[in-house]
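A.B. asks: Below is the structure I would like to discuss, written out as structure tokens.
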Amino acid sequence: ENQNEFATISHNIIDKNNRLKTIYGVIDEERKININIASRELLLALLEEFAVNAAQDIVNNILIWRGDISDNDKIYEKLGYPCKADNFSNIEELTLVKDITPNDYQKLRESITTYGDGFVNINTVSFKTLTIFAHGIAKSLSIDENFADSVATKIIELRDRNGCFKEKNEIDIILTGEEEENIFNKLMDSIIFKSDNFLIEATGNVVKIRGKISAVYNRKDKRILYWHES
């Protein structure tokens, strides 16, 4: 057996204790934040969570790139390429957004997607990503984000105790005050219980040649939505 030859399918995620964890196999895209559909508040919560500099400006630049607001100042033309004014085709396209650095992209890439309808799978979402969703809701309702932290923590603790949820009435947590209730109710409008889009990343090594294949498969339509070899 050649020790220099191998193939593996794995993904890195951040667990609820903010530690890097490797998952082997496919991973669903609905556990992530869809940057094509995310609101201004959710995008801001995402960037702030990962300590991205100039977060407010970058949110505006994302919305301009998506076509949500006009590029009146021609910021992309000044960078030497046209503003897309449409949805992101893939997450790598985020690197074209003004003020996003390569380091910013690397911090964000495991938590974002361009697939799905913007709903989050409550059974597979990480604590970190659920907290970001809750923070986005808190921002939209002008509620202190500490209440969002509490709601996300209670949901994940219940899931850890009882396992996967099948319907919303199983997410029976004790809410403290109107603020938590408002965040929880709006969050419940944004969840699903199973996913349709799955990322598969396979890495192989033969002698000194290393290759990687990334693909996104939609099980509902039974087709490959994305394929990339490097």
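The values are calculated or read from the model by the stated rules, or taken from the named source; none is laboratory data. The model shown is predicted, which means the values in this text are computed figures rather than measured ones. Glycine gets a Cβ as well: all are built from the backbone with ideal geometry, and neighbour counts include every protein chain shown.
A.B. asks: Filter region 82-112 for residues that are of a type in the set (Val, Ile, Thr), surrounded by fewer than 18 Cβ atoms within 10 Å (Cβ to Cβ) and touching a Phe, Trp or Tyr at 6+ places or on another chain (Cβ under 8 Å) and give the result.
C.D. replies: Across region 82-112, the qualifying residue is only Thr95.
A.B. asks: Continuing with this model, one more query. Consider Ser150 carefully, then state whether it is of a type in the set (S, T, N, Q), over 25 Å from Arg109 (Cα atoms), under 22 Å from the mean Cα position of the chain (by Cα) and assigned to a helix (DSSP H, G or I).
C.D. replies: For Ser150, the condition - of a type in the set (S, T, N, Q), over 25 Å from Arg109 (Cα atoms), under 22 Å from the mean Cα position of the chain (by Cα) and assigned to a helix (DSSP H, G or I) - is met.
A.B. asks: Would you mind stating whether Lys222 is at positive phi and outside the structural domain of Phe50 (by TED's automatic domain parsing)?
C.D. replies: Judged against the criteria, Lys222 is a match.
A.B. asks: Of the residues Lys128, Lys220, Lys186, only one is under 21 Å from the mean Cα position of the chain (by Cα), among the charged types (D, E, K, R), closer than 23 Å to Ile91 by Cβ and surrounded by 12 or more Cβ atoms within 10 Å (Cβ to Cβ); which?
C.D. replies: Just one listed residue meets the conditions, Lys128.
A.B. asks: Please verify whether Ala134 is assigned to a helix (DSSP H, G or I) and either surrounded by 13 or more Cβ atoms within 10 Å (Cβ to Cβ) or at pLDDT below 95 (or both), treating the condition exactly as stated.
C.D. replies: When the stated conditions are applied, Ala134 passes them.
A.B. asks: Output yes when any residue across region 59-74 is part of a loop (DSSP other than H, G, I, E, B) and either assigned by TED's automatic domain parsing to the domain that holds Leu175 or hydrophobic (A, V, I, L, M, F, W, C) (or both), and no when none is.
C.D. replies: Yes.
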